[in-house]
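**Q** Have a look at this one before I ask anything.
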Amino acid sequence: LYIKGKFEQAQKLNEKLLKSALELDLEPCLPLAYYQLSATSYYLGTFQKGLEFGQKGIEICEKISLSDSRKGWNYLALAQNYVGLGQLTQAIELIDCSMELFEDTGNRWGMANDWECLHKIYLAQGRIQPAKQILNRATDIIDGYGLSLTEGILENCQANLLILEQEFLKAIKCLESARGKLDKADFHLFDNHLLTARSFFELGKTKEATK
């Protein structure tokens, strides 16, 4: 549901899973439950609620002395929600916390997601080149690890930067590369189609833009 962009349905399921984990006293399951709630809150635009869930995830990690990727994901979700609120300094600090944990555990997927979030911060600051560089690092670190969906999401992001630079043909090529990797991720596939349409429109190719 989450990958398909059905965030309201996903959140209802997340809430049920959290309730079950709390009732059964499954503390090791709580950090990921809170992460999912926090991350989904970001996409729903309920950023303050996302902060509350992410903070609870951190608190349970500290309660059970957990310092692995589960804590890293909660730091990342907190950062995403701070980005949503426009509080970029706090977001950067949390990404640093998340990155440290992902580096310690060798979690390349987590590191790539941290950098994808950081690129959004650079973009909000109007810093296109640092945003491009950090996306390239994210792409490089997961190269050859079979994380095709994440590769597709990163390529969408790279295409968006190319559009901002008015490199529309390069953006279209990048989006074509991403599309096949986003087959089951409706939310990101929709984003891909929007970016493609915009690129063709900017090139004056209205027929291709409206396909």
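**Q** How do the pairs read when you match residues in the stretch 15-34 that are aliphatic (A, V, I, L, M) with residues anywhere that are surrounded by 12 or more Cβ atoms within 10 Å (Cβ to Cβ) and part of a loop (DSSP other than H, G, I, E, B), using Cβ under 7 Å and keeping only pairs 6 or more apart or on different chains?
**A** none
**Q** Oh, and also: Give all pairs with beta carbons closer than 7 Å in which a residue from the stretch 1-14 that is more than 20 Å from LEU182 (Cβ to Cβ) meets a residue that is outside any helix (DSSP H, G or I); count only pairs at least 6 apart in sequence or on separate chains.
**A** LEU13/LEU1
**Q** Right, here's the next one. I'd like to verify a number: residues in the stretch 57-72 that are over 20 Å from the mean Cα position of the chain (by Cα) and touching a residue at least 24 places away in the same chain (Cβ under 8 Å), how many?
**A** Step one: list which residues in the stretch 57-72 are over 20 Å from the mean Cα position of the chain (by Cα), which gives 59-67.
Narrowing further to those that are touching a residue at least 24 places away in the same chain (Cβ under 8 Å): 60-61, 63-64, 66-67.
Matching residues across the stretch 57-72 total 6.
**Q** Here is a list: ALA91, ALA79, ALA124, ALA138. Which entry is more than 24 Å from LYS56 (Cβ to Cβ) and open to solvent by less than 50 Å² (accessible area, probe 1.4 Å)?
**A** Details: ALA91 fails: more than 24 Å from LYS56 (Cβ to Cβ); ALA79 fails: more than 24 Å from LYS56 (Cβ to Cβ); ALA124 fails: open to solvent by less than 50 Å² (accessible area, probe 1.4 Å).
After applying the criteria, what remains is ALA138.
**Q** For the stretch 94-113, name all the residues that are surrounded by fewer than 19 Cβ atoms within 10 Å (Cβ to Cβ) and outside any helix (DSSP H, G or I).
**A** Within the stretch 94-113, just GLY106 meets the criteria.
**Q** Against the condition acidic (Asp, Glu) and touching a helix residue (DSSP H, G or I) at 6+ places or on another chain (Cβ under 8 Å), how does ASP68 come out, does it pass? Talk me through it step by step, then tell me what you get.
**A** Working: acidic (Asp, Glu): yes; touching a helix residue (DSSP H, G or I) at 6+ places or on another chain (Cβ under 8 Å): yes.
Here the answer is yes, as ASP68 does meet what is asked.
**Q** Suppose we filter the stretch 7-55 for residues that are among the acidic types (Asp, Glu), part of a helix (DSSP H, G or I) and either in contact with a Ser or Thr (Cβ under 9 Å, 6 or more places away or on another chain) or open to solvent by 80 Å² or more (accessible area, probe 1.4 Å) (or both); how many remain?
**A** Looking only at that region, the number is 4.
**Q** Shifting gears a bit: Return only the number of the condition from (1) open to solvent by less than 70 Å² (accessible area, probe 1.4 Å); (2) free of Cβ contacts under 8 Å to residues at least 40 places away in the same chain that GLN166 does not satisfy.
**A** (1)
**Q** Looking at the stretch 3-42 only, could you name the residues that are among the polar types (S, T, N, Q) and within 20 Å of LEU76 (Cβ to Cβ)?
**A** Of everything in the stretch 3-42, those that are among the polar types (S, T, N, Q) and within 20 Å of LEU76 (Cβ to Cβ) turn out to be GLN11, ASN14, GLN36, SER38, THR40, SER41.
**Q** Moving on to the next point. Against the condition in contact (Cβ under 8 Å) with a residue 12 or more places away in the chain, closer than 19 Å to LEU66 by Cα and in a helix (DSSP H, G or I), how does LEU118 come out, does it pass?
**A** no
**Q** Let me ask something else about it. Looking at the stretch 177-211, which of its residues are open to solvent by 90 Å² or more (accessible area, probe 1.4 Å), within 19 Å of the chain's Cα centre (by Cα) and among the aromatic types (Phe, Trp, Tyr)?
**A** Passing the criteria: only PHE190.
The values are calculated or read from the model by the stated rules, or taken from the named source; none is laboratory data. Just so you know, these numbers come straight off a predicted model, no measurement behind them. So basically every Cβ, Gly included, is an ideal-geometry build from the backbone, and we count neighbours across all protein chains shown. Protein only, heavy atoms only, side chains kept; ligands, DNA and RNA dropped before computing areas. Shrake-Rupley method; radii C 1.70, N 1.55, O 1.52, S 1.80 Å.
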